[in-house]
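The values are calculated or read from the model by the stated rules, or taken from the named source; none is laboratory data. Treat the numbers as computed from the prediction; the structure is a model and nothing was measured. So basically every Cβ, Gly included, is an ideal-geometry build from the backbone, and we count neighbours across all protein chains shown. Protein only, heavy atoms only, side chains kept; ligands, DNA and RNA dropped before computing areas. Shrake-Rupley method; radii C 1.70, N 1.55, O 1.52, S 1.80 Å.
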Amino acid sequence: MPKKGLFDLHEMKRAGEQITWLTAYDYPTATFEEAAGIDMILVGDSLGMCVYGYPGTVPVTMDQCIVHSEAVRRGAPGTFIIGDMPLGSYQASDEDAVTNAIRFLKEANVDAIKLEGGVRTVSRVRAILDAGVAVCGHIGLTPQSSGQLGGHKAQGRTLESAKLVVEDARALYEAGVQLLLVEAVPPEVAGFIRAELPIPVLGIGAGSDVDGQLLIVSDVLGTFQAFTPKFVKKYADLAGVSTAALTEYVNDVRGSAFPEEQHCYRMLEGEQEKFADWAKS
Ligand code: KIV
């Protein structure tokens, strides 16, 4: 399948085709996703929890995001990849935002970056776009500022809160974002934004009235076990499968059931006798 670009993703919205999107953090997972025909990959700062075992995304650094984005690019050379700007990489100034967004392009060859925040992020979005980098906005529940939001809570569940989410969406669209992610908001609110904006509006925990879906691959495959948000559908239990396989290995080694003949290298023809003679001498 040819690699999709922004034009194709916008065309999919116009044609009413759903855009498929998953996170990935490493080379093998990226190869699986590309083989599955995914439209976009996010190298999310959720790697802090899913790969490093941090309690949240706050400790994640630019260097970590770059290393994982590079690996994902190698695994999915033909897929639209979005690098996720971690906390601290864009909050202080427009200059920081541009420098770090460009790092993603130069060092990891991503196609776009994502950053969290609506109205208050407009200046950063404009600066990054002016530098020639495609931007995906991220509104609703924004995990990097979950402290201010009172925790990892759904947004837009009251009229006042819904109006703030819509205001954020409008501000980002006016600033020029090419893609918009809406996280953990009621379907009515996500659907309203999708209908109003001509850009692809994708959802995670935002119902089905959007232009595409994002999920965290570690939830989908069942490798992340600390907690499971309400909106997740698990498609596999790799934690269970992996633990069972590893337990079998441990038991095989302890019980001398592994290795077997087929796992051994044998000496070349005639060398075994020579070796035995030499060992006796
Ligand atoms: O880091 C990430 O994976 C994200 C999603 C939670 C939207 O930003």
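Summary table below
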| read-out | value |
| --- | --- |
| Residues that are within 16 Å of the ligand (Cβ to nearest atom) and either among the β-branched types (Val, Ile, Thr) or touching an Asp or Glu at 6+ places or on another chain (Cβ under 6 Å) (or both), drawn from the stretch 137-183 | 138, 139, 140, 141, 142, 144, 165, 177, 182 |
| Among residues of the stretch 9-24, those that are free of Cβ contacts under 8 Å to residues at least 60 places away in the same chain and open to solvent by less than 60 Å² (accessible area, probe 1.4 Å), counted | 1 |
| Close pairs from the stretch 64-80: first closer than 15 Å to residue 23 by Cα, partner of a type in the set (D, E, K, R), Cβ under 6 Å, at least 6 apart | 66/107; 71/26; 76/34; 79/34; 80/4; 80/111 |
| Residues of the stretch 75-95 satisfying the condition of being more than 12 Å from the ligand (Cβ to nearest atom) and either surrounded by 20 or more Cβ atoms within 10 Å (Cβ to Cβ) or closer than 22 Å to residue 9 by Cα (or both) | 75, 76, 77, 78, 79, 80, 81, 89, 90 |
| Residues being assigned to a loop (DSSP other than H, G, I, E, B) and of a type outside the set (Asp, Glu) - total across the stretch 1-35 | 9 |
| Subset of the stretch 191-241 (residues that are away from the ligand (no atom under 16 Å from the Cβ), over 24 Å from residue 56 (Cα atoms) and among the small types (Gly, Ala, Ser)) | 191, 195, 208 |
| Qualifying residue in the stretch 37-50 (condition: open to solvent by 60 Å² or more (accessible area, probe 1.4 Å), more than 13 Å from the ligand (Cβ to nearest atom) and modelled with pLDDT of 95 or more) | no |
